[in-house]
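None of the figures in this text is laboratory data; all of them are computed from the coordinates on show. The structure displayed is predicted, hence computed values, not measured ones. As a convention, Cβ positions derive from the backbone with ideal geometry for all residues, glycine included, and neighbour counts pool all protein chains shown.
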């Protein structure tokens, strides 16, 4: 919180909620503390990504601060009509750009802000350089399942208008998890793989037809969850064991490549391999299924 000089807004409140989290879980008392874990982990990841790189993109820190301060505490409370989802939409750009940065991908500009001593005329969400080639990444954060295709179509149009080659990055977190729910699991790897399968089988087919003329897409999700850390041998009257939970966040990312048009281009595979160096659960689809 100190790094971004945050003294107000929802980001500051996350710290207070975290301190109260264990107590509130035991009392089943607070909706916000139960559902805030994914948002909190995103803020921590942004901090880790940008704390030593902020000066490389003059003015970016202020944009990051604004994206963390504004908007409702929970995605469930976002109102598209009021456009109060804008802050989280912007935060996704900085979150994904930071992930690329930590993986060693060369960033040229973020949200229209060029890196020092770099020049680009593109106003794309993220512009990277790979093998002396500029590649634009348009980031989308659909609010409902039925808007995924619309978001992908819009992103593809923006890439074409940039006159650069590029790909999409889509945050599926809000459309994967039903509102007011938590994912329950026992094993981390199993939970991550189930989320990865969900992205592959239910999200990728919806955007497959909108990958024409672009490299492909990154699809990711981050959902609040509860890990079962202990089951009592004593059963309840319903015959089920009493369980002890610990708050977690489940994250997965899958890359869908447009191998039909770009079978030999190595950018997405390169990013996949670099992301694996920083740890996480990443999948790669050379020939995604159609819906």
On alpha-carbon atoms, Rg over Rh for region 71-117 using Kirkwood Rh?
-> 1.12
Take each of the peptides 96-106, 48-58, average the number of other beta-carbon atoms within 10 Å over its residues, and list them starting from the highest.
-> 96-106, 48-58
Relative to the longest principal Cα axis of the chain, at what angle does helix 188-198 sit, 0 to 90 degrees, rounded to 10?
-> 50
Reduced Cα scattering model of region 219-261, Debye log10 I(q)/I(0), q = 0.14, 0.18, 0.29 Å⁻¹ | -0.55, -0.68, -0.96
In degrees between 0 and 90, to the nearest 10, how far off the longest principal axis of the chain does helix 148-162 point, with axes built from Cα atoms?
-> 30
With Rg from the Cα atoms and Rh as the Kirkwood inverse mean 1/r over Cα pairs, the chain has an Rg/Rh of 0.98
Measuring from centroid to centroid over Cα atoms, what is the spacing of region 60-102 and region 137-186 in Å?
-> 14
Rg/Rh for region 147-203, where both radii come from Cα atoms and Rh is the Kirkwood radius | 1.11
Normalised per residue, the volume inside the convex hull of the alpha-carbon atoms of region 106-152 in Å³ amounts to 86
Restricting the count to DSSP beta bridges whose residues both fall in region 86-285, what percent are antiparallel, rounded to a multiple of 5?
-> 60
Please list 246-253, 218-225, 126-133, 207-214 highest first by mean number of surrounding beta-carbon atoms within 10 Å per residue.
-> 218-225, 246-253, 207-214, 126-133
On a 0 to 90 degree scale, rounded to 10, what angle separates helix 37-50 from the longest Cα axis of the chain?
-> 40
